[in-house]
Amino acid sequence: MNTYRFLCCCLAGLGFVLVAAGADVPEICTVRPADNGQALVNPQMGWTLHYYSNILSNYGSKLEPADTLDDFPGLSVIYLRLPWGYLEPREGKFTWSVLDTPSQRWIDKGLQIALRISCSESWMRWATPAWVRDAGSRGYDFRPGQGVVEDGPYWEPDYGDPIFLAKLDRFVAALAARYDGNPRVAFVDVGSYGVWGEGHTWASTRREYDFETIKKHLDIYRKHFQKTLLCLSDDFAGPESPGRGQPIIAYALSQGITLRDDSICVQPPPRSWFHAEMAGDFWPTLPVILEHEHYGPSRKRGAWGDGSLLRRAVEEYHASYLSIHWWPREFLGENRPIIDQINRRLGYRLQLREASWPTSVERAKGLDFRFVWANGGVAPCYPGGYAAVTLKDDSGGIVAVFVAGDFNLAELAVAAPGEAPTRAVSCHFSFAPNCRPGDYAVFVSVGSRDGTPQIALPLEGHDGHRRYRLGTICCR
């Protein structure tokens, strides 16, 4: 079998197209890989499972300890949202196990966690631990739907009280000592203000707080969390406030704190969400997080529709993360087509549209390689990455690694579905003087400047380490 027929057989088996330049023995091999449509698990994007949704029994917490929901496509983060009272029931005495136990189940699978710790709940009196009140912090009894009432069943702190803020500061410091800069933590919500940590009091005391008071909460978190991504709810600006220009939202952005919206599909159209415009200030530089309403109630109220609203919200917010806010397998079973569609757009999706290289090279002259890339997702590739070419021998051994270090794929622009612009990158690589001659397989990957793969691509033919086979080359 001649070289051309051999290459055709190899590439056809991988679903690629080979374009010959020349007659029997082509000088240039060009492949145009197809996007395989699969869900990708990558840094700073993906589905987030509500393991706890304020209470200990919802939703992932009903899974068996060995069940890590491996069948949910695109799951990347386990979201742990609990009241402060569960973590510090006595001052200075912490129950970290309530977080660390479930976390380790998914960390063992290479996934991440995210956190929100709330100070007010509409179902639990001491979301803020009772010892904070006993230390002298002001607060208010309330009844959901009525606001502050004498002897109300629940208690909410005065969010500007100096004793409350001092105790909160110590708690956040302890939280950050464990989780700030931890590579296994995707993000942490500023959850200390508002009922459920959502940044509003309409379902609790209905008391209003000024910019300076709310700002103190952001400052506490920013003081202690200097490395891990922080986020806050859009409702910090008010549930139905205008999209852009809100002072507390602008301040968050100035501090590198990103946006999440917890209100998707709470109400039926046309009020399915309010702040997609607000997200426009964040998504060009920071990953935006969406949380849809509890799926069951949303469906019963007719707010969910056929699920296409969620897909549309991902587009309008340019979302990178999206919640699983229900019993996960029920949600998956009833929404699989929409989930698959969302997975082809959620976050970033680096697509190798074309790659070209000589079929045979002289090592002394180096290797000329050309890529054509596009981002098929709704958001930039925030972690960035550099394309690498790896040559492997018949035993799978790495013979040579070349990195296109002059182009960061974070620069790829995003666009509407099917309209992503392409970027051509041409590189000249030099062989190490001790590189052996031979016939090698050509792999592509995206990762750090040293050639370590970090980002999954929607390609077939991977080697188990996020390198994807493109074809072969002869090195003389």
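Evaluated against (1) assigned to a loop (DSSP other than H, G, I, E, B); (2) surrounded by 13 or more Cβ atoms within 10 Å (Cβ to Cβ), Ala66 falls short on exactly one condition, (2). Going by the conditions given, is Arg271 out of contact with any Gly (no Cβ under 6 Å at 6 or more places or on another chain), free of Cβ contacts under 8 Å to residues at least 12 places away in the same chain, of a type in the set (Lys, Arg) and assigned to a loop (DSSP other than H, G, I, E, B)? Yes; evaluated as a whole, the condition is true for this residue.
Contact map, the stretch 171-185: residues that are modelled with pLDDT of 95 or more paired with residues that are of a type in the set (D, E, K, R) and not in a helix (DSSP H, G or I), Cβ distance under 7 Å, separation 6+ or inter-chain. Pairs shown: Phe171/Glu88; Asp180/Lys227; Gly181/Lys227. If you go through the stretch 365-385 one residue at a time, do you hit one that is at pLDDT 95 or above, aliphatic (A, V, I, L, M), surrounded by 22 or more Cβ atoms within 10 Å (Cβ to Cβ) and over 21 Å from the mean Cα position of the chain (by Cα)? For the stretch 365-385, residues at pLDDT 95 or above, aliphatic (A, V, I, L, M), surrounded by 22 or more Cβ atoms within 10 Å (Cβ to Cβ) and over 21 Å from the mean Cα position of the chain (by Cα): absent. Of the residues that sit in the stretch 422-440 and are in a loop (DSSP other than H, G, I, E, B) and touching a residue at least 24 places away in the same chain (Cβ under 8 Å), which one is surrounded by the most Cβ atoms within 10 Å (Cβ to Cβ)? Result: Phe431.
The rows are residues; the columns are (1) out of contact with any Ser or Thr (no Cβ under 7 Å at 6 or more places or on another chain); (2) buried (at least 22 other Cβ atoms within 10 Å of the Cβ).
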{"position": "Arg116", "(1), (2)": "yes, yes"}
{"position": "Ser120", "(1), (2)": "no, yes"}
{"position": "Ser137", "(1), (2)": "yes, no"}
{"position": "Phe142", "(1), (2)": "no, yes"}
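With part of a helix (DSSP H, G or I), touching a strand residue (DSSP E or B) at 6+ places or on another chain (Cβ under 7 Å), assigned by TED's automatic domain parsing to the domain that holds Leu63 and not hydrophobic (A, V, I, L, M, F, W, C) as the only criterion, which of Arg116, Arg133 stands out? Answer to the check: Arg133. Of the residues making up the stretch 387-411, those that are within 20 Å of the chain's Cα centre (by Cα) and surrounded by fewer than 22 Cβ atoms within 10 Å (Cβ to Cβ) are Asn408, Ala410, Glu411. Can you confirm whether the stretch 170-182 contains a residue that is assigned to a strand (DSSP E or B), of a type in the set (Asp, Glu) and in contact with a Phe, Trp or Tyr (Cβ under 9 Å, 6 or more places away or on another chain)? No, that holds for no residue. Looking across the stretch 183-218, just one residue is closer than 19 Å to Pro129 by Cβ, assigned to a helix (DSSP H, G or I) and among the aromatic types (Phe, Trp, Tyr), and that is Trp196.
No other residue among Leu391, Leu412 is in the same structural domain as Arg467 (by TED's automatic domain parsing) and either among the hydroxyl-bearing types (Ser, Thr, Tyr) or more than 20 Å from Asn42 (Cβ to Cβ) (or both) apart from Leu391.
The values are calculated or read from the model by the stated rules, or taken from the named source; none is laboratory data. What you see is a predicted model; the values in this text were computed from it and never measured. Note: ideal-geometry Cβ built from the backbone for every residue, glycine included; neighbour counts use all protein chains shown.
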